[in-house]
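Here is the structure we will look at, set down as structure tokens.
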Amino acid sequence: MPISASNATSAPAHEPGQPVVRIRGLKKSFGQIVVLDGINLDVHRGEVVTIIGPSGGGKTTLLRCINVLEIYDEGSIQIDGVEVGFTDSSGARRKRTESDLAHHRAETGMVFQLFYLFPHLTAAENVMLGLRKVRGFGKAEARAIAERWLDRVGLAAKADSLPSQLSGGQQQRVGIARAVAMEPKVLLLDEITSALDPELVGEVLSVVRKLAEEGMTMMVVTHEMAFAREVSSRVVFIDAGRIVAEGRPEDVFQKQSNERLRSFLARVS
Amino acid sequence: MADIFSSMQFLWRGLFVTVEVSLLVICLSLVAGLLLGVVVTYGPLPARLAIRLFSDVIRGIPILVLIFFVYYGLPLTGLNLNNFVSAVMALALFSTAQIIEIARGALQSIHHGQTEAAKAIGLTFAQRLLYVIFPQALRRFLPPWINSVTDVVKGSALVSLVGVVDLMLAIQQVIGRTYVPLPLYLLGALIYFSINYTLSSLSRILEARYAYIRE
């Protein structure tokens, strides 16, 4: 597959300057089960980092740690240089307060596999809620921003529809609009097409493709290998809580340097 | 004729007391029940356990026993409440325990993903409850809550047993003077029924009003 235009403009793997997301020695366990076992990863502005790997390997948990839906046990996650889950005062690590966490989460957009739109609110209201209550926009301003984003995901006509009146693909596009309208520093996409009928996957991916081309910094967990190959600046293969292989998509997919990566790719493609 | 008129006035005052008791109990238990229901759903473990214990104990005791306990039992601890306050308090305790469970059920029925999506856009705990969870939990809360309101109205008849002259006791006293039990009991039943039927009709209207929300 040819390298798409978006790759040409994306950042190289070792761009100088401070990364948007900086992860060091990240560990997370659920009881006895070690889910993340020492992850190191930098994501620079404008990069699209795709995370692939077998189920249960820790991909989703990694995203959930970044916007602190899970609190990590050890290591560090920084967004623009600020530690996300903890404060450090004289060596003692303390979990951040609820309002600190809320403030931080607004900077990291998240789109969920199962959409999780607010069913009692229309598409526009879904997008407006964070704009009004977190960003402090007035109703009219928030509405204008919401309409602009809904238009960009191709749903201008559905602004006043309830989620239950939308198809899965449409709901997920509202989910994307809700996240990006907050202008997050990084957008986290968690298997956002896995719950969709095959014929609806394309409309959602094309929205993501457009965001990538516009320079949105993204971390994408996906099982769509062709898509990963096309939009990624970098592909990260995670297995058993560790980064096993990492590199430019053509390298990761073609060289398949690692045995576990090779067997994974053989299974999914 | 004058007799019937004074009886009617007496019944009317009884009905007023019944409504007064019911409204007090409904308001007190709604506030306390919602508050404790939120804590029992989202609060720290010790608070959750304490509230569970409270609600399990209260719900396991007949309302009448509760009323007698507050009116005749508490004075032994030095807390003397008059019959009206005792009765209202006992009924409110009982109803609070019901509402805790109704609120907990309604809140827990909202998919966890709703909380996560609300967190993800940066809403604080209070904002998540206010704008995301409560509006969705409301339609699951209303029907069983109105059911419990009708229980309160019916249960309020028990306050007559500690001498509060509500509709029930007023009826019994009029019967004691006139010796015509059947029509008066029928009248009483009709009044209780009208109140509760109105409430359950309201519940159905509200249910229909919120039916458009689907996940």
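Considering (1) polar (S, T, N, Q); (2) open to solvent by less than 60 Å² (accessible area, probe 1.4 Å); (3) touching a helix residue (DSSP H, G or I) at 6+ places or on another chain (Cβ under 9 Å); (4) at pLDDT 90 or above, the lone condition that residue B:178 does not fulfil carries the number (4).
Among the residues of the range B:92-149, those that are more than 7 Å from chain A (Cβ to nearest Cβ) and in a loop (DSSP other than H, G, I, E, B) comprise B:109, B:110, B:111.
Taking the conditions (1) at pLDDT 95 or above; (2) open to solvent by less than 10 Å² (accessible area, probe 1.4 Å) in turn, residue B:129 satisfies each one other than (2).
Condition check ((1) of a type in the set (Asp, Glu); (2) more than 14 Å from chain B (Cβ to nearest Cβ); (3) crowded, with 20+ Cβ neighbours inside 10 Å) across all residues:
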| residue | (1), (2), (3) |
| --- | --- |
| A:178 | no, no, yes |
| A:182 | no, no, yes |
| A:193 | no, yes, yes |
| A:197 | yes, yes, no |
| A:209 | no, yes, no |
| A:238 | no, yes, yes |
| A:247 | no, yes, no |
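The single condition from (1) free of Cβ contacts under 8 Å to residues at least 60 places away in the same chain; (2) crowded, with 20+ Cβ neighbours inside 10 Å that residue B:40 fails is (1). Looking at the structure I just gave you, is residue A:129 within 9 Å of chain B (Cβ to nearest Cβ), crowded, with 18+ Cβ neighbours inside 10 Å and part of a helix (DSSP H, G or I)? Against the criterion (within 9 Å of chain B (Cβ to nearest Cβ), crowded, with 18+ Cβ neighbours inside 10 Å and part of a helix (DSSP H, G or I)), residue A:129 qualifies. The single condition among (1) touching a helix residue (DSSP H, G or I) at 6+ places or on another chain (Cβ under 8 Å); (2) surrounded by fewer than 17 Cβ atoms within 10 Å (Cβ to Cβ); (3) among the acidic types (Asp, Glu) that residue B:20 does not satisfy is (1).
Filtered by the rule that a residue be within 13 Å of chain B (Cβ to nearest Cβ) and surrounded by 14 or more Cβ atoms within 10 Å (Cβ to Cβ), the range A:150-167 gives A:161, A:162, A:163, A:165, A:166. For the range A:55-74, the candidate set comprises residues that are away from chain B (no Cβ under 14 Å) and open to solvent by 30 Å² or more (accessible area, probe 1.4 Å); within that set, the residue that is modelled with the lowest pLDDT is A:56. The numbered conditions (1) of a type in the set (Ser, Thr, Tyr); (2) open to solvent by less than 20 Å² (accessible area, probe 1.4 Å); (3) without any contact (Cβ under 8 Å) to a residue 40 or more places away in the chain are all true for residue A:263 except (2). Being more than 9 Å from chain A (Cβ to nearest Cβ) and of a type in the set (Lys, Arg), is that true of even one residue in the range B:150-161? For the range B:150-161, residues more than 9 Å from chain A (Cβ to nearest Cβ) and of a type in the set (Lys, Arg): present. Give the residue that is farthest from the other protein chains (Cβ to nearest Cβ), with candidates limited to residues of the range A:111-126 that are of a type in the set (S, T, N, Q) and in a loop (DSSP other than H, G, I, E, B). Result: A:122.
The values are calculated or read from the model by the stated rules, or taken from the named source; none is laboratory data. Remember, predicted model here, so these are calculated numbers, not experimental data. We place every Cβ from the backbone using ideal geometry, glycine too, and count neighbours over all the protein chains shown. Ligands, DNA and RNA are stripped out before the accessible areas are found, and what is left, the full protein with its side chains, is counted by its heavy atoms. Shrake-Rupley method; radii C 1.70, N 1.55, O 1.52, S 1.80 Å.
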